[in-house]
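Coordinate-derived values only; no laboratory data. Everything numeric in this text was worked out from a predicted model, so none of it was measured. Here the Cβ positions follow ideal geometry from the backbone for every residue, glycine too, while neighbour counts run over all protein chains shown.
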Amino acid sequence: MDKSQDALVLLRQIIRATDLHDKHLSRMTGLTMPQLLTMQTLHINGSLTIGMLAKEMNLAQATVTSILDRLERKQLVRRERSSTDKRKVLACPTDEGLKLLKSAPATLQDTFIRQFADMHDWEQSMIVAALEHVSHILGAHHLDAAPMLDIGALDRTSENGVPEYLKSEQNNWKD
């Protein structure tokens with residue numbers, strides 16, 4: 001097998017591992033990765049405004065609002081007015097949400113972060129450089145992405161079901 005085939009196999013393994021872990025996480029908790037990370041962020045930081053939560057997670061405010069809507073329907077978070085500034089609405093984990101977090105398995109992202117942190121600086125730099133290069137090769141370097149290992153769509157889709165970030169590429173698919 002040539003080096004390009006080796007690289008494609010490795011990329012596919014990463015994608016599959018992420019997908020399989022997401023499915024396992026969903027079966028165990030009933031949550032998607034973005035939902036679980038939202039819950040973890042609220043647990044670590046306490047009650048936050050939607051804007052502060054979006055900034056902390058490096059996501060768009062609209063995306064966080066959508067995630068919170070689903071978590072609120074599951075009664076895992078609640079929104080309440082700030083006691084000090086009634087204009088502010090805070091997202092807060094419920095007791096049920098905190099209970100679910102305690103039973104949630106470690107995420108693939110947590111495992112990656114822990115093992116990556118244990119590497120030497122030069123190893124970390126090599127991995128980041130290689131991944132940056134792969135991102136450029138695949139034309140993905142211009143895409144907005146949160147620091148989240150998830151293959152599910154965080155972006156809203158357009159009317160025809162094509163994610164907004166792929167609309168410009170859609171014309172290339174007709175060949």
Q: Could you list which residues have their amide H under 5 Å from that of THR49, counting only those 5 or more apart in sequence or on another chain, with H placed in the peptide plane?
A: ALA91
Q) Once whole DSSP H runs in the chain are found, which of them have Cα atoms spread over 15 Å or more along the helix axis and a mean Kyte-Doolittle score of at least -1.0? A) 3-29, 33-45, 61-73, 121-137
Q | Label zone at SER135, where the point sits 7 Å out along the Cα-to-Cβ direction: segment 1-24 residues whose backbone N lies under 11 Å | A | none
Q. Any idea which of MET39, LEU100, THR65 is furthest toward the positive side of the dipole for segment 17-105, if Lys and Arg beta-carbons carry +1 and Asp and Glu beta-carbons -1?
A. THR65
Q: Any chance you could run the full-extension gain for ASP118 through ASN45? It's 0.36 nm times the residue separation minus the Cα-Cα distance, nm to one decimal.
A: 23.8 nm
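When ranked by the protection proxy of mean other Cβ atoms within 10 Å per residue, highest first, what sequence do the peptides 53-60, 19-26 form?
Going by the mean number of other Cβ atoms within 10 Å, highest first, we get 53-60, 19-26.
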Q | Per-selection Kirkwood Rh - segment 17-105 (Cα, Å, 1 d.p.) | A | 13.2 Å
Q) What are the residues whose amide H is under 5 Å from the amide H of VAL77, where those residues sit 5 or more places off or on another chain and H is modelled from the backbone? A) GLU72, THR94
Q | Extension reserve of the ARG73-ALA60 stretch, reckoned as 0.36 nm per residue once the Cα distance is removed | A | 2.6 nm
